[in-house]
Structure formats: C-alpha cells, structure tokens
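Visitor: Have a look at this one.
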C-alpha cells in the first residue's frame, strides 16, 4: 500500500529546512536545501510509519489528510 502525506516545510533562522507531518507527529527531519529536506522526509516518514507496524498496530497507522496549499506531497511505502 502506498501512502501520500502532507508535509510542511519551514526554514529556520540558520537556513535549515525543517519538515514536519501533521498526521505523523513523530516524523520530523531537516536538510540544508529544500531538495535534501524533502528526500530526508521520505525516509523519516517510512521509519515513523514502520514504528506503527512494529508495535503490531498497523490499523492505527494515521490516515493521510488532504494536502493543503503550500504543503508538499510525500509518498512512501512502509
């Protein structure tokens, strides 16, 4: 099954791009460039979702919300 989660990206005071997921608060990552941050976001999201599976609660994997304006679609397969 493939999941597509909305990712919010903000740039901090040091210029780092911070990526967070409102549906999966455990997933938080960053990168020096936007492209790097979005690439890291895929790996981060996979690890966070695998945590749900490892806890033997795959039915509790958060459902992706609708992507809002300004958010990035992040696709993964846990």
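Please treat every number below as a calculation from the coordinates, not as lab data. The model shown is predicted, which means the values in this text are computed figures rather than measured ones.
Visitor: Under 10 Å, Cα contacts only: if you run a Gaussian network model on the chain, which one of 60, 30, 20 comes out with the highest mean-square fluctuation?
Guide: 60
Visitor: Using only the alpha-carbon atoms, how far is helix 34-54 inclined from the longest principal axis of the chain? Give it as 0 to 90 degrees, nearest 10.
Guide: 20
Visitor: Now for a separate question. Given the -39500 (n - 2.57) contribution per DSSP H run of 4+ residues, what per-residue ellipticity at 222 nm results for the chain, rounded to the nearest 500 deg cm²/dmol?
Guide: Mean residue ellipticity, 222 nm, calculated: -9500 deg cm²/dmol.
Visitor: If you don't mind, another one. Highest GNM mean-square fluctuation, the chain, Cα pairs closer than 10 Å: which of 23, 43, 12?
Guide: Of 23, 43, 12, the most mobile in the Gaussian network model is 12.
Visitor: Highest GNM mean-square fluctuation, the chain, Cα pairs closer than 10 Å: which of 53, 19, 42?
Guide: Fluctuation is largest for 53.
Visitor: Now, a different point. Relative contact order for the chain using alpha-carbon pairs under 8 Å, separation at least 6, rounded to a whole percent? Intermediate results must be reported in sequence, preceding the final value.
Guide: Details: 132 pairs, mean separation 30.9, N = 78.
Computed value for the chain: 40 percent relative contact order.
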